[in-house]
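Reviewing the structure listed below.
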Amino acid sequence: MKLWYAPNTRAVRIKWLLDELGLDHELERLKLGDPAMRSPEYQQVHPLGRVPVLEDGPVRMIESGAIAQYLLATYDTDHRLHPRPDQESFPDYLQWLHFAEGMLMPPVNTLVVETILLPPEKRNDVNVDRARKLLGRMLTAVDRAMEGKAHLAGAFSGADILTGHACIVSARLWGGDLDGLPNLKAYIDRLKARPALASAWDA
């Protein structure tokens, strides 16, 4: 198994999941913005020149949410990190598994482009303000959902890896005070204390 990885990208969540599952894998390290990622050779690996890419024998996948579902369905056979469909927590698990890309990451993407990737003269303050406002609403929803809970869907699961990673990234970019979102702040602190996440950040 091989993972194409770059720091501060969605590849971190896949590295985190691989480590939580204890799966041996080779890491192909790249750097975000590396010209090699735009080369014809790399576009044979990922047609958009991005990460992550997971290769597992004949299987090659490029969408982080789909990669997570594939790894959990294929290798988490004891359902340690994802509930079975007949379990009460399954609907919550599915909802929060997809909340990352459906709700949190769109405004995150806007903020990354407008505050990091674009030169100052091309940035749009209206887009930044709208994205931060929207992201604050999304983070507030997570904070409310975490009332009295340690994790999003019962026990720690793949939903915490995808949406938890998105929460950590979102909190960095949002610019708000997490003291006003105490459940979210405590949740992020719990996730950061997991050795597999620390390993994924440091890869």
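Details
- Among the residues listed as 145, 171, the single one being within 29 Å of residue 84 (Cβ to Cβ) and among the hydrophobic types (A, V, I, L, M, F, W, C): 145
- Whenever a residue of the stretch 164-178 is on the phi > 0 side of the Ramachandran plot, its partners that are basic (Lys, Arg), lying with C-beta atoms within less than 8 angstrom and at least six residues away or across chains, give the pairs 175/132.
- Tallying residues that are under 28 Å from residue 161 (Cα atoms), in contact with a helix residue (DSSP H, G or I) (Cβ under 8 Å, 6 or more places away or on another chain) and either buried (at least 18 other Cβ atoms within 10 Å of the Cβ) or not aliphatic (A, V, I, L, M) (or both) within the stretch 107-126 yields 6.
- 2 or more residues small (Gly, Ala, Ser) and open to solvent by 10 Å² or more (accessible area, probe 1.4 Å): qualifying helices (runs of 4 or more DSSP H) within the stretch 1-81: 64-75
- From the options 84, 137, residue that is of a type in the set (Lys, Arg), assigned to a helix (DSSP H, G or I) and surrounded by fewer than 12 Cβ atoms within 10 Å (Cβ to Cβ): 137
- Of the numbered criteria (1) out of contact with any Asp or Glu (no Cβ under 7 Å at 6 or more places or on another chain); (2) modelled with pLDDT of 95 or more, the one residue 184 fails is (1).
- Which listed residue, of 168, 116, is modelled with pLDDT under 95 and assigned to a helix (DSSP H, G or I): 116
- Selection of first residues in the stretch 23-51 that are in contact (Cβ under 8 Å) with a residue 60 or more places away in the chain and of second residues that are open to solvent by less than 100 Å² (accessible area, probe 1.4 Å) and among the basic types (Lys, Arg), restricted to Cβ pairs under 9 Å at least 6 apart or on distinct chains, gives the following pairs, ordered by first then second residue: 27/2; 27/15.
The values are calculated or read from the model by the stated rules, or taken from the named source; none is laboratory data. Nothing here was measured: the structure is a model prediction, and the numbers come from that model. Quick reminder, even Gly has a Cβ in these numbers, built from the backbone with ideal geometry, and neighbours come from all protein chains shown. Heads up: the accessible areas ignore ligands, DNA and RNA and are worked out on the full protein's heavy atoms, side chains in. Shrake-Rupley method; radii C 1.70, N 1.55, O 1.52, S 1.80 Å.
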